[in-house]
Structures are given as structure tokens and as C-alpha cells.
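Encoded as C-alpha cells, the structure appears first; notes follow it.
The values are calculated or read from the model by the stated rules, or taken from the named source; none is laboratory data. As the structure is a computational prediction, the values presented were derived from the model and not from experiment. Cβ placement follows ideal geometry from the backbone for every residue including glycine, while neighbour counts extend to all protein chains displayed.
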Amino acid sequence: MNAPRCNIRRIVRDIAHARSGDKGNTSNINVWAYDPANYELLKRTLTSERIKQTFPLLIRGQVTRYELPHLCGLNFVMHDALEGGVNRSLNLDSHGKSFSYLLLGLELEE
Amino acid sequence: MAIFRIGTGAGFSSDRLNPAVDLVERGALNAIVLECLGERTVAFGHRDRMADPQRGYNSLLERRMRALLRACRKAGTMMITNMGAANPRAAAARTLDVARELGLKGLKVACIEGDDVSTLVPRDAPFMDEPGMLSDVDLPVVGMNAYLGMDAIIPALGAKADVIIGGRLADPSMFLAPLAHCFSWRASDMPRLGAGTLVGHLMECGMQVTGGYFADPGVKDVEKLADCGYPIAEVQDDGSAVITKLPGTGGCVTPATVKEQLLYEVHDPSCYLTPDVTADFSRVEVAAAGPDRVKVSRASGSSRPEMLKVTVGFDGGFQGEAGLSYAGPGAHGRAQLAAEIVRDRMARVHGVKNDIRVDLIGVSSLFATARVRATEAEDVRLHVALRSRQKEDAELMLWEVESLLCCGPAGGGGYRGVIAPCVMTKSVLIPREQVKPTLEVMVA
């Protein structure tokens with residue numbers, strides 16, 4: 001493992017971009033490494049297990065990760081992750097549009 | 001035809017209009033698509049239609065038609081839209097009225113119906129993506145609409161309609177239909193239908209592929225976002241396409257903007273279901289092809305689904321939202337006290353048992369359930385939300401929040417409260433042979 005080069009931990013937003021969308025109570029977030037050199041680091045950082053463990057009250061169902069290696073992309077499908085979804089949730093953002101920034105805010109596993 | 005030029009003039013019900021006019025005037029388009037329907041939008045349309053049988057279509061339809069019809073005729077651009085929502089017939093009639101007012105004699109308006117399947121779906125129909133069945137929902141049904149594919153749209157293209165208006169036309173199918181018609185793609189040519197579906201998928205959300213919903217200053221900068229341009233797809237016979245936009249418009253088309261849209265609201269990239277095809281986006285190539293030009297290729301597809309998705313809309317009662325702000329030293333504590341007072345009094349004084357959600361905007365709101373670390377803010381807005389079948393519950397909640405102005409913690413100000421109707425939607429499936437799209441062509 002590479003040691004961090006400075007004391008400030010980098011976050012996913014430093015190496016990748018993302019967009020989230022919803023279908024019912026299922027949220028999906030696609031994440032893309034800007035630089036192919038960082039794709040392995042992105043995959044190591046964003047595992048289905050880590051995401052589910054980090055947000056246990058929000059993500060109540062299964063998390064599946066799809067990989068598009070030739071585009072340096074990951075797609076996370078998170079079931080029962082929208083507080084009931086747009087039909088039930090009283091969250092101001094009942095679609096979970098902002099949830100891409102939950103993943104972009106995670107610290108990198110450097 | 002070597003290249004088919006198709007543009008997007010709306011990517012959701014409330015999308016911008018002036019960039020659509022610009023696109024028609026300067027885009028030399030063969031076709032423009034206005035995608036204006038979400039699952040819940042059609043349910044709201046049904047509520048509107050119940051209140052007034054002449055309504056139920058997109059509330060911006062008249063304004064959009066007035067701004068676009070003459071430019072479309074001048075440019076030789078045909079229009080396809082699902083602005084008909086829950087009432088395509090009334091939408092088509094209103095469009096004809098506008099065309100006549102504009103003096104567009106001979107304009108052909110096609111109306112596609114048959115997506116309303118409320119008499120065909122049994123009450124014991126199981127949900128598509130969760131346990132249970134329709135009859136489990138203890139709410140009044142407002143409407144049921146099947147997603148129609150390109151086979152519902154192509155007859156209108158054959159009739160040489162200038163404007164095609166439908167209700168629940170599937171988003172990518174509105175793009176795929178004119179491509180398949182123009183290039184004479186066979187209904188069994190699944191790789192090409194998959195490729196055309198990718199074009200539709202990338203285009204259907206409008207500016208989300210040209211720099212909209214992308215900017216993050218300092219990390220992902222986008223120029224002139226306030227004047228972002230709608231997308232154009234230059235599509236070839238093999239289904240590959242260049243995604244671009246008009247010169248001089250704001251925004252950007254880059255591999256990054258295209259990739260974010262590639263998997264937007266997609267689950268398994270190798271299995272994206274539409275009424276037309278099981279599309280495969282897993283091997284799509286995305287390549288820069290000049291400034292604000294990105295080439296997409298290698299989408300594919302396999303069998304056409306035998307079942308069509310149906311959105312069932314229910315009357316969900318009302319949602320009330322109310323807010324009050326606190327600022328300066330101790331703002332967080334005062335807002336927290338206000339939140340406790342509202343919760344306590346709604347239950348104890350009014351006996352309202354519905355779930356009430358209280359957020360402290362500035363401290364923790366969107367990510368409250370995710371438990372991301374809260375900040376210590378000095379500008380905090382109490383935000384209370386409640387949903388109920390009884391409008392009175394929402395009215396009581398608004399009253400309680402407003403009463404904090406005199407009876408709550410010190411220094412609260414800026415009360416606002418609003419009550420809005422609610423819908424609930426569920427998805428079921430219907431065998432496609434039971435759904436019979438109809439076409440009527442009217443002439444201005």
C-alpha cells in the first residue's frame with residue numbers, strides 16, 4: 001500500500017466524479033475515476049461492504065457493484081436505501097439526488 | 001440518409017424553454033423530443049384531470065407549442081413528446097388550437113392513446129419489484145399507464161405527422177422510433193435497437209449530458225451554465241452517434257458528462273429494459289471527437305420484453321412542509337428546542353400520530369439518516385414535514401410551527417408553510433399483447 005503523502009486524507013471527490021438516481025426505493029450511484037491510474041484505488045475504496053457498513057441506517061438492503069473497467073467506472077445499486085423513496089420519504093431530497101456526495105465524501109483507502 | 005440529427009427540447013416536466021427554441025432555430029434537426037413525464041408526473045396529471053376533464057396534460061404545453069411550432073415548421077423539424085401525460089387527446093386539441101392561432105395551416109398533429117390500462121389490470125396484480133399486490137394499497141387509484149414503445153410511435157411517423165403527442169411513451173422510445181423509422185431498422189435487429197436506445201437514454205434528460213447537473217466548482221467547472229445548451233445527437237445507420245450541442249451555448253459535452261448520464265438510473269449496465277429491447281450498455285465506448293463532441297458506440301441489445309411496465313398512481317393525500325430559521329450564537333440549540341416543541345405538541349395536544357420529520361437545515365438534513373457528521377452552524381432552519389390523507393393534519397402542523405413565532409425559542413424568524421397534494425406510485429407488469437396503442441391524426 002502506498003503511504004499517504006501528507007497528513008490530510010484525500011477523499012473520493014479528489015479522484016472521481018459521480019451521479020445518483022432513483023427507481024422507487026432503490027438508489028444507484030455511478031462513480032468514475034478521472035485518471036485510469038486511480039481506478040484500482042477507487043475500487044479498493046468503494047466496496048459494497050464498506051458502503052453498507054458506513055451508512056447502516058440509510059442503506060437497509062443489498063448493495064451490488066457493477067464494474068465498467070474500460071471506462072474506469074463503478075455502478076452501485078443500493079436497495080431499500082431511500083427512506084421509502086419518493087413515495088414515502090419525508091427527506092427534503094426524497095429522490096436521494098444528493099447521495100452521490102455521500103460516496104464522494106468518503107476517505108480514500110490509500 | 002447518412003446522418004439523422006435529433007435533439008432534446010425538454011428533459012423533464014419543468015425544463016427550460018428558450019434553449020429549445022434556439023436549438024430548433026439553429027440545429028438543422030430532423031426531429032426534436034420533449035420528454036416531460038416521470039412516474040409521479042403522470043399520477044399528478046390524473047389528479048388534475050379528475051378535477052377538470054380538460055386538463056391532465058403538461059402545464060407548460062401551450063407555452064412550449066407557442067414558442068416552438070412555427071420554428072419547427074420553418075426548420076422542417078418534427079416533434080415527439082409525452083406532454084399529453086394523463087390526457088393526450090386534450091393536449092393534441094390544445095396544440096391544434098395553438099397551430100391555428102399561429103396560422104400554421106395543414107400542420108399534422110398525431111395523438112397516441114392506449115397507454116391507459118386501468119380497465120385491464122386486475123386488483124391482484126403483483127408488484128413488479130417488491131412483495132405484495134395492488135389491492136394491498138389502501139389508497140384510491142387515480143390511473144394506470146403502460147409504457148409504450150416505438151411500435152406505438154412508428155405509425156404516426158408513417159402518417160408524416162409534424163407533431164406526435166402521447167401520454168406514457170417510454171423516454172428512450174421517443175428517440176429510438178424516428179431512428180428506426182428513418183434507417184428502416186428491422187424490429188428484430190436487436191443490436192441496432194439497443195444502440196438507438198442508448199442514444200435515447202443519453203438524450204432523454206436533456207442538459208444532463210451537456211454539462212447540466214455536473215458542475216462542482218473547482219473540481220468540475222462548466223462554462224456559462226446559465227445558458228447551457230440542449231443536446232444534439234448525430235446518429236448513423238449503425239446506431240453509433242456523436243453527442244454535441246450548438247456552438248455558442250453554455251455547458252460542455254465531454255466523456256465525463258456522457259459517462260455520468262450513461263448509467264443514470266441504470267442498474268445492471270448489461271440489462272436495461274425498455275418496451276423495445278433489453279439494451280446492453282456494458283461495452284459502450286465513449287470517446288472525445290473534438291470540442292464538445294463525444295462519440296458513443298458499441299451499445300447492443302437482445303430480446304424484446306414480453307411484459308410492459310405499468311405505473312399505477314394513487315391519491316396519496318397531502319404533504320405539509322413548514323420552516324422557521326434561527327441565526328447567531330446558540331442557533332443550533334434554539335432550533336433543536338423548537339423541534340422538540342413541535343413534536344411534543346403534535347402528538348400530545350393534537351393527537352396526530354403520523355410520522356413527522358424534523359430537519360435542522362444547516363446542521364443536518366439531507367444526510368441526517370446517513371449520519372454524516374453534523375456541523376455546528378450559526379444559521380439554522382427548522383424544517384418540519386408531514387404526510388397525511390387528512391389535510392387538517394398538515395394544517396395543524398403548519399399552525400404549530402408558525403406559533404413558535406411568539407411561543408417558541410428566542411429569535412426565530414422567516415416562517416413559511418405550504419401544503420401540496422401527494423401521489424403514490426407502484427409498478428406492475430402487463431402482457432404486451434393486451435396493450436393496444438391507438439393513433440389519430442388531426443390537421444390544423
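Residues B:VAL266, B:VAL296, B:VAL219, B:VAL242: which one is surrounded by fewer than 23 Cβ atoms within 10 Å (Cβ to Cβ), within 14 Å of chain A (Cβ to nearest Cβ), of a type in the set (A, V, I, L, M, F, W, C) and touching a strand residue (DSSP E or B) at 6+ places or on another chain (Cβ under 6 Å)? Walk me through it before giving the result.
Working: B:VAL296 fails: surrounded by fewer than 23 Cβ atoms within 10 Å (Cβ to Cβ); B:VAL219 fails: touching a strand residue (DSSP E or B) at 6+ places or on another chain (Cβ under 6 Å); B:VAL242 fails: within 14 Å of chain A (Cβ to nearest Cβ).
Checking each option against the conditions leaves just B:VAL266.
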Single unsatisfied condition, B:ALA289 versus (1) surrounded by fewer than 18 Cβ atoms within 10 Å (Cβ to Cβ); (2) of a type in the set (Gly, Ala, Ser); (3) over 26 Å from B:ARG26 (Cα atoms): (3)
So the check is Cβ under 8 Å with 6+ separation or different chains; which pairs have a first residue in the stretch B:108-122 that's surrounded by fewer than 18 Cβ atoms within 10 Å (Cβ to Cβ) and a second one that's of a type in the set (S, T, N, Q) and outside any strand (DSSP E or B)? B:LEU120/B:GLN434
Count, please, the residues in the stretch A:56-99 that happen to be of a type outside the set (A, V, I, L, M, F, W, C), out of contact with any Gly (no Cβ under 9 Å at 6 or more places or on another chain) and more than 9 Å from chain B (Cβ to nearest Cβ). 6
Hits in the stretch B:299-320 - residues which are under 15 Å from B:PRO431 (Cβ atoms), among the hydrophobic types (A, V, I, L, M, F, W, C) and buried (at least 18 other Cβ atoms within 10 Å of the Cβ): B:LEU308, B:VAL310
Within the stretch B:179-198, restricting attention to residues that are of a type outside the set (A, V, I, L, M, F, W, C) and surrounded by fewer than 24 Cβ atoms within 10 Å (Cβ to Cβ), which residue is nearest to B:ALA43 (Cα to Cα)? B:HIS181
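So, in the stretch A:52-110, of the ones that are of a type in the set (Val, Ile, Thr) and at pLDDT 95 or above, which residue ends up nearest to B:GLY212 (Cα to Cα)? Step through it out loud before you land on a result.
Within the stretch A:52-110, the first condition is being of a type in the set (Val, Ile, Thr), and the residues that meet it are A:54, A:59, A:63-64, A:77, A:86.
Filter once more, keeping what is at pLDDT 95 or above: A:54, A:59, A:63-64, A:77.
Details: A:THR54: 29, A:ILE59: 27, A:VAL63: 28, A:THR64: 27, A:VAL77: 23 Å.
Residue satisfying both the conditions and the ranking: A:VAL77.
From B:TYR230, B:TYR213, grab the single residue that is within 27 Å of B:ARG26 (Cβ to Cβ), of a type in the set (Phe, Trp, Tyr) and within 14 Å of chain A (Cβ to nearest Cβ). Write out each step before concluding.
Numbers: B:TYR230 fails: within 14 Å of chain A (Cβ to nearest Cβ).
B:TYR213 is the lone residue from the list that is within 27 Å of B:ARG26 (Cβ to Cβ), of a type in the set (Phe, Trp, Tyr) and within 14 Å of chain A (Cβ to nearest Cβ).
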Right, B:SER184: away from chain A (no Cβ under 14 Å), at positive phi and not charged (D, E, K, R) or not? yes
Could you pull out the residue among B:GLU35, B:GLU62 that is touching a helix residue (DSSP H, G or I) at 6+ places or on another chain (Cβ under 7 Å), more than 24 Å from B:GLN208 (Cβ to Cβ) and at pLDDT 95 or above? B:GLU62
Conditions: (1) within 14 Å of chain A (Cβ to nearest Cβ); (2) closer than 30 Å to A:ASP80 by Cα; (3) touching a residue at least 40 places away in the same chain (Cβ under 8 Å). B:ARG416 meets all but one. Number of the miss? (2)
Could you list, ordered by first residue, the pairs with Cβ atoms under 6 Å in which the first is in the stretch B:270-286 and facing chain A (nearest Cβ under 8 Å) and the second is buried (at least 23 other Cβ atoms within 10 Å of the Cβ) and part of a loop (DSSP other than H, G, I, E, B), at least 6 apart or interchain? B:VAL284/B:ALA299
What single numbered condition from (1) within 14 Å of chain A (Cβ to nearest Cβ); (2) surrounded by fewer than 24 Cβ atoms within 10 Å (Cβ to Cβ); (3) of a type in the set (Ser, Thr, Tyr) fails to hold for B:THR249? (1)
Return the only residue of B:ARG381, B:ARG345 being of a type in the set (Lys, Arg) and either touching a Lys or Arg at 6+ places or on another chain (Cβ under 8 Å) or away from chain A (no Cβ under 14 Å) (or both). B:ARG345
Does any residue of the stretch A:54-66 turn out to be closer than 28 Å to B:LEU202 by Cβ, charged (D, E, K, R) and buried (at least 22 other Cβ atoms within 10 Å of the Cβ)? no
Close pairs (8 angstrom Cβ cut-off, 6 or more residues apart or separate chains): away from every other protein chain (no Cβ under 12 Å) in the stretch B:420-434, part of a strand (DSSP E or B) and surrounded by fewer than 17 Cβ atoms within 10 Å (Cβ to Cβ) anywhere: B:VAL428/B:PRO126; B:LEU429/B:MET307; B:ILE430/B:MET307; B:PRO431/B:MET307; B:ARG432/B:MET307
Filter the stretch B:223-237 down to residues that are over 21 Å from the mean Cα position of the chain (by Cα), closer than 16 Å to B:VAL294 by Cα and not polar (S, T, N, Q) and give me whichever is surrounded by the fewest Cβ atoms within 10 Å (Cβ to Cβ). B:GLU234
For the stretch A:40-52, check the following and say yes or no: at least one residue is of a type in the set (S, T, N, Q) and within 8 Å of chain B (Cβ to nearest Cβ). no
Return a yes/no flag: does the stretch B:134-157 have any residue that is of a type in the set (Ser, Thr, Tyr), surrounded by fewer than 19 Cβ atoms within 10 Å (Cβ to Cβ), more than 14 Å from every other protein chain (Cβ to nearest Cβ) and more than 30 Å from A:VAL77 (Cβ to Cβ). no
